[in-house]
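Report on the structure given below.
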Amino acid sequence: METTRHFTATVYVVNDGATALHEHARLGLTIPPGGHVDRDELPHEAGLREVSEELGQDPTLLGERPEIPAPAGVALPTPRYQLCYDINVHADGSVGHQHIDHVYFGTVPTRTVAPDDGEAPPDAWEWYSPAALRADAAVDPDTARIGIEAIEAAAGE
């Protein structure tokens, strides 16, 4: 059986030593903003769009674009991580669908949450400090670890 794959983008946004996460209603997971990369987008553009839609903010991605002398190309922002998630696993253990997630770190100027219509409401979002990420059992260990890394990266900028 063939495994289908979709590209996704996630941005751990940071403001004043905390990162924004929400409980995804359908998935039941506490996660940062993110979603599918549309056909006409690059991964980092999808991440920026998702933060705009979900938080109503325009983030600044952390990190630099590598300087590569590519006469017919341009260097893209490098994700901090690229992760492969099994989304649909069949009873026999075969994987029907996966998400290839490009994970970026970014900063936002405020903790104001003003989502687009159809997105999770503002009260679904919480700002997590490193201590809160470590202490909240609803936050998966990988989300906590990457969230802490994003907060530390933002502090070093």
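Some points to look at:
- Estimated FRET transfer efficiency (residue 88, residue 40; beta-carbon r; R0 22 Å; 0.05): 0.30
- Taking all C-alpha pairs of segment 29-137, those more than 21 Å from each other amount to 50 percent.
- Summarising the amide proton neighbourhood of residue 16: residues at separation of 5 or more, or on other chains, whose placed amide H is nearer than 5 Å comprise an empty set.
- Both radii are taken from the alpha-carbon atoms of segment 69-132; with Rh as the Kirkwood radius, Rg/Rh is 1.11.
- Of all accessible heavy-atom area on the chain, the percent that carbon and sulfur account for (1.4 Å): 51
- For segment 33-153: accessible area per residue (Å², 1.4 Å): 58
- Computed accessible area, residue 27, all protein chains, 1.4 angstrom probe, square angstrom: 90
- Residue 50 sits with roughly 20 Å² accessible to a 1.4 Å probe, with DNA, RNA and ligands left out of the calculation.
The values are calculated or read from the model by the stated rules, or taken from the named source; none is laboratory data. Just so we're clear, the structure is a prediction, and the values are computed from it rather than from any experiment. Cβ sites come from the backbone with ideal geometry, for glycine too, and all protein chains shown count toward neighbours. Remember, those area values only see protein heavy atoms, side chains included, never the ligands or the DNA or RNA. Shrake-Rupley method; radii C 1.70, N 1.55, O 1.52, S 1.80 Å.
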